[in-house]
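The structure under discussion appears below in the form of structure tokens.
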Amino acid sequence: MIEKFLYKCPICMAEESIETQKNGDISCRACGARFAYTEDYQLSITTGSEKQTMTLREAYETIYGGQFPRPADDAFTRRKGEILWAKSSRAKLFQEQKAGIFRGYKKIRAQLYRFSLIDAGNLYLTNKRLLFHGIKDYEIGLEELSSVTIESHAIMMNTKRGYALSISFVRESGKKWEDYIRRAVQEFHGKKKIAEYHPRITFH
């Protein structure tokens, strides 16, 4: 669905406001803009009597960037100098774990891994860390992330702890969270401009 990619409305910039109805109609709950695909797979956007056409890339570039939403959350305890930038709705946290040894031809062996569900709750992003609050709290500093990418709307993060984490979102856009975390990592490193985020974070 388009809302998994366009996590803001390119017209009014409201977050998580685009929705696809069962009959295929696509619209923004906030401003009423209506979306449809043209025959050449561009995006037709109708607002009142006005209509415009853009590519999905152009629509995405319109919504990318801007300010973090900075939600209010009295349950989140900030540390000194910490700014809460974003909070997710319901999400699931998975951790990479060893799952046995593959034994192949001529005694070739390889360690197998799988992602195991370890908790469900909410993800918090600050200028210093990620905190997953579920039955327990799981925290990782932005400096500990060695890669950030997305696979099937789930965020995949390799860490300097020697294992990877994956977070899937029940209702939100995984692309939004990939963008948020990458922007947070870039801001954390300041003047060290990041060249790529996957397969590992490297700098220019």
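The values are calculated or read from the model by the stated rules, or taken from the named source; none is laboratory data. This one's a predicted model, so the numbers in the text were calculated from it and none came from an experiment. Neighbour counts run over all protein chains shown; Cβ positions are idealised from the backbone, glycine included. These accessible areas exclude ligands, DNA and RNA; they are computed on the full protein's heavy atoms, side chains included. Shrake-Rupley method; radii C 1.70, N 1.55, O 1.52, S 1.80 Å.
Things to note:
- Residue in segment 33-45 that is modelled with pLDDT of 95 or more, of a type outside the set (A, V, I, L, M, F, W, C), open to solvent by 80 Å² or more (accessible area, probe 1.4 Å) and within 17 Å of the chain's Cα centre (by Cα) present: no
- Screening K51, K107 for residues that are basic (K, R) and either under 23 Å from V170 (Cβ atoms) or not assigned by TED's automatic domain parsing to the domain that holds S17 (or both) leaves exactly one candidate, K107.
- Single residue of S89, S44 found to be assigned by TED's automatic domain parsing to the domain that holds S152 and of a type in the set (S, T, N, Q): S89
- Exactly one residue out of F132, F94 is closer than 20 Å to R200 by Cα, touching a residue at least 40 places away in the same chain (Cβ under 8 Å), in contact with a Phe, Trp or Tyr (Cβ under 6 Å, 6 or more places away or on another chain) and assigned to a strand (DSSP E or B), and it is F94.
- Within segment 139-159, the set of residues being within 23 Å of I83 (Cβ to Cβ), surrounded by fewer than 20 Cβ atoms within 10 Å (Cβ to Cβ) and touching a strand residue (DSSP E or B) at 6+ places or on another chain (Cβ under 7 Å) comprises E139, I140, G141, L142, E144, T159.
- Selected residue (only one of R57, R78 is among the basic types (K, R), part of a helix (DSSP H, G or I) and not assigned by TED's automatic domain parsing to the domain that holds S166): R57
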